[in-house]
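Visitor: There's a structure below that I have some questions on.
The values are calculated or read from the model by the stated rules, or taken from the named source; none is laboratory data. Note that the structure is predicted; figures quoted are calculated from it, not measured. Glycine also receives a Cβ, built like all others from the backbone with ideal geometry; neighbour counts cover every protein chain displayed.
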Amino acid sequence: MLTVDSFGQENLNDTLSNSKELNGMLKEVEISAKYPGGVQELVSFIQKNLKYPKNVAALRIGGKAVVKFIVDFDGKVCDAVIVKTSNIQELDNEALRVVSMMGKWEPATIGSRKVKCYFNLPVTFSLEEPYFVFTNTNKNKNYFELCSAIITNDLHAIWNKIKEVGDSETDPDYLFLKGVLYYHNSKHKNGCQVFEKIIASGELNSESYRLSEKYIQKYCS
């Protein structure tokens, strides 16, 4: 499943002050840039054209990429970049590809003057739940090695790593991958036990905690 979460004009507090211009882009506009037909048409365009990379889908890997782009004076979309990575290059590239396909928007205006503005567009790639998500901020050796084995679909390395680590690992990100692996290998009870262990860790702000809480409610009750 491919979804567009939400999007909006970015507040450029970091680069602008008051209402001064910088390269024609303004901190505040009277009328924001608009995709022809509105939000629903934009979502429809993304869902119609976005393609889940087959190699990533086959490994049950999901993620969210946030694309930042400029709507120019003439409504053209340009300078698209990833400002929050999905941690999977193929997903980031696909989000950028689809944004680059968009036709002209109705440009932002101040009075009768057309101006440039930034937008952020979060794009979520998700599959049959539960699915894997990765983070590039975790430096745990066990987590990194398990991620590498999953991405390369090295089943021997995956199960050897889990056996090697045993129950000693308390890192929520590592445990989340382990729980998903159990669940999709017909070990649902084991998967649920691992998700419950993540909740017990109390790491409330982690993505692993949020997803584990969701999966427990949906699949383990």
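Visitor: Identify all residues within region 60-78 that are part of a strand (DSSP E or B) and either in contact with a His (Cβ under 8 Å, 6 or more places away or on another chain) or of a type in the set (Val, Ile, Thr) (or both); write none if there are none. First the steps, then the outcome.
Guide: At the first step, the residues of region 60-78 found to be part of a strand (DSSP E or B) are 61, 63-71, 77-78.
Hits for region 60-78 are ILE61, VAL66, VAL67, ILE70, VAL71, VAL77.
Visitor: Next question. Here are some conditions: (1) closer than 21 Å to THR135 by Cα; (2) in contact (Cβ under 8 Å) with a residue 24 or more places away in the chain. ILE199 meets all but one. Which one does it not meet?
Guide: (2)
Visitor: Given the conditions (1) at pLDDT 85 or above; (2) outside any strand (DSSP E or B), which single one is not true for VAL81?
Guide: Status for VAL81: all satisfied but (2).
Visitor: Let me ask another. Could we say that ASP171 is of a type in the set (D, E, K, R), in contact with a Phe, Trp or Tyr (Cβ under 7 Å, 6 or more places away or on another chain) and closer than 18 Å to TYR143 by Cβ here?
Guide: In short, yes.
Visitor: Only one residue in GLU90, GLU106 is surrounded by fewer than 21 Cβ atoms within 10 Å (Cβ to Cβ), charged (D, E, K, R) and touching a helix residue (DSSP H, G or I) at 6+ places or on another chain (Cβ under 7 Å), so which one is that?
Guide: GLU90
Visitor: Right, ILE150: closer than 30 Å to GLN217 by Cβ, crowded, with 20+ Cβ neighbours inside 10 Å and not assigned by TED's automatic domain parsing to the domain that holds GLN40 or not?
Guide: yes
Visitor: Please count how many residues of region 51-78 are touching a Ser or Thr at 6+ places or on another chain (Cβ under 6 Å) and surrounded by fewer than 21 Cβ atoms within 10 Å (Cβ to Cβ).
Guide: 1
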